[in-house]
Ligand SMILES: NC(=O)c1ccc[n+]([C@@H]2O[C@H](COP(=O)([O-])OP(=O)(O)OC[C@H]3O[C@@H](n4cnc5c(N)ncnc54)[C@H](O)[C@@H]3O)[C@@H](O)[C@H]2O)c1
């Protein structure tokens with residue numbers, strides 16, 4: 001693509017989360033939101049006005065057919081991510097998809113095939129990998145500060161029983177299936193902290209059922225589901241997803257252990273993240289505040305856009321993922337979270353659903369690179 005030509009972007013699911021990405025686009029030169037699409041006519045018109053789009057569509061296929069798009073942002077409910085991404089890729093339109101990449105192994109396979117056959121690129125919008133603390137840890141790992149990372153924990157604890165009734169697809173696809181249905185926010189950053197590694201097998205168990213929906217039905221998802229992930233390197237990762245338990249939200253809990261360093265994120269707003277690095281901590285038992293050493297490890301994106309990113313959604317992730325996506329399109333380089341990274345983040349959760357149904361049996365996780 002010529003560096004000078006504007007990039008035309010369409011947003012599907014624009015009346016929901018897809019429309020909340022305006023701030024990022026305002027930063028970008030020669031990128032315009034050309035078209036918006038949603039099946040909710042009222043919300044669509046509001047999104048069109050707010051995003052300044054020239055065109056609006058109630059039908060996604062029509063948007064792809066009629067609008068001259070270079071890229072599409074898929075911000076629709078979970079079961080639409082893969083089919084809508086595939087439809088765009090088949091037309092040579094770049095895709096930035098909401099998480100997870102798909103809701104079944106079969107559609108993940110189809111998505112991988114579509115990427116192989118397309119000149120366009122695919123990126124998963126795993127925005128939690130872009131938060132300031134998570135990117136600082138990624139940079140520390142890259143520079144060897146953790147030695148060999150071998151154990152990590154990630155937790156997504158977000159009570160959404162009320163939201164289930166407003167965005168009804170959640171009741172089916174997030175709390176209507178047992179196992180880890182929404183695990184990429186927790187596994188995604190951890191995979192970036194174990195570069196080159198991937199999950200080769202998982203087992204999953206749950207804490208039982210203690211809540212009912214407003215119709216009196218038990219949620220199919222157990223309240224807390226824990227997935228253990230065996231890494232190819234032999235390392236271990238523990239992921240907990242809980243969307244039902246009554247308690248304050250805590251969606252970005254992380255721990256990382258390496259041979260030379262250890263990181264524990266804060267669990268509540270009043271707390272601080274803490275880190276121990278053999279190379280920098282005064283002794284074996286003294287934690288550091290990562291901010292004390294942040295200057296040396298702050299990635300360029302946070303240096304340049306930090307102020308704005310802080311005011312954008314999801315700890316800056318919403319802004320920085322779009323900047324990365326557009327950079328990848330402009331430069332023709334692979335996106336940071338391309339199709340196989342997206343599969344590495346998505347497939348373990350799908351296999352965990354089979355494991356929990358098989359009484360927590362360890363099951364192999366397919367490698368999309370072999371598909
Ligand atoms: N990355 C994050 O931090 C984050 C945060 C929230 C939600 N999400 C993900 O984003 C997606 C959307 O979540 P949300 O909370 O905005 O949901 P939502 O229900 O509020 O919005 C989805 C929108 O898609 C529209 N839609 C449904 N079917 C459509 C179709 N066939 N064609 C066009 N539009 C259609 C709906 O009318 C709605 O406006 C979900 O997959 C969710 O998991 C990610």
- prompt: When a footprinting reagent is the concern and you count Cβ atoms within 10 Å, what order do 337, 136 take, fewest first?
  reply: 136, 337
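How high is the FRET efficiency between residue 232 and residue 42 when r is their beta carbon distance and R₀ equals 45 Å, given to the nearest 0.05?
Working: r = 49 Å, r/R0 = 1.08.
Calculated value: 0.40.
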query: To the nearest Å, what is the center-to-center distance of the stretch 323-351 and the stretch 83-126, using C-alpha atoms only?
result: 10
query: In the chain, what % of DSSP beta bridges are antiparallel (nearest 5)?
result: 55
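How many times 2.2 N^0.38 Å is the alpha carbon radius of gyration of the stretch 51-186? Before the final figure, lay out each step's value.
On the way: Rg = 17.6 Å, N = 136, 2.2 N^0.38 = 14.2 Å.
Computed over Cα atoms of the stretch 51-186, the ratio equals 1.24.
Stretch residue 207-residue 271 to full length: gain in nm at 0.36 nm per residue minus the Cα-Cα span?
20.3 nm is the gain from fully extending residue 207 to residue 271.
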task: Can you give me the P(r) profile for the stretch 101-249? Cα pairs, bins 5 angstrom wide beginning at 0, each as a whole percent.
output: 2, 9, 15, 18, 18, 16, 12, 7, 3, 1, 0
statement: Once normalised by the length of the stretch 164-243, the mean sequence separation of its alpha carbon contacts under 8 Å that are 6 or more apart gives a contact order in percent of 31
query: If contacts are Cα pairs under 8 angstrom and at least 6 residues apart, what is the relative contact order of the stretch 7-126 in percent?
result: 23
field: Per residue convex hull volume, Cα atoms of the stretch 235-333, in Å³
entry: 182
message: Springs between alpha-carbon pairs under 10 angstrom, Gaussian network model over the chain: which of 14, 312, 358 fluctuates most?
response: 358
message: Please rank 166, 9, fewest neighbouring Cβ atoms within 10 Å first, as an exposure proxy.
response: 166, 9
message: Please check: in the Gaussian network model of the chain (C-alpha springs, under 10 Å), which one of 221, 134, 285 has the largest mean-square fluctuation.
response: 285
- request: On a C-alpha basis, how far is the centre of the stretch 23-42 from the centre of the stretch 210-275 in Å? Whole number, if you could?
  value: 33
message: As a test, work out the antiparallel percent of DSSP beta bridges whose residues both lie in the stretch 7-126, rounded to the nearest 5.
response: 0
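Relative contact order for the chain using alpha-carbon pairs under 8 Å, separation at least 6, rounded to a whole percent?
On the way: 798 pairs, mean separation 71.1, N = 371.
Relative CO of the chain lands at 19 percent.
On full extension of the chain, what length is gained from residue 291 through residue 245, given 0.36 nm per residue of separation minus the C-alpha to C-alpha distance? Before the final figure, lay out the partial values.
Details: separation 46, 0.36 × 46 = 16.56 nm, distance 3.19 nm.
Full extension of this stretch gives 13.4 nm more.
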Distance histogram in 10 Å bins (all Cα pairs of the stretch 172-225, percent per bin): 21, 42, 25, 10, 2
message: Looking at the calculated P(r) for the chain, what percent of the C-alpha pair distances fall above 25 Å?
response: 55
- line: By Cβ neighbour count within 10 Å, fewest first, 73, 86, 11 rank 86, 73, 11
message: Above 20 Å lies some portion of the pair distances; for the stretch 7-126, what is it as a whole percent of all C-alpha pairs?
response: 35
task: Select from 195, 149, 348 the residue whose mean-square fluctuation is largest in a Gaussian network model of the chain (Cα-Cα springs shorter than 10 Å).
output: 195
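None of the figures in this text is laboratory data; all of them are computed from the coordinates on show. What you see is a predicted model, and the numbers here were worked out from it, not measured in a lab. Here the Cβ is made from the backbone with ideal geometry for all residues, glycine too, and neighbour counts use every protein chain on show.
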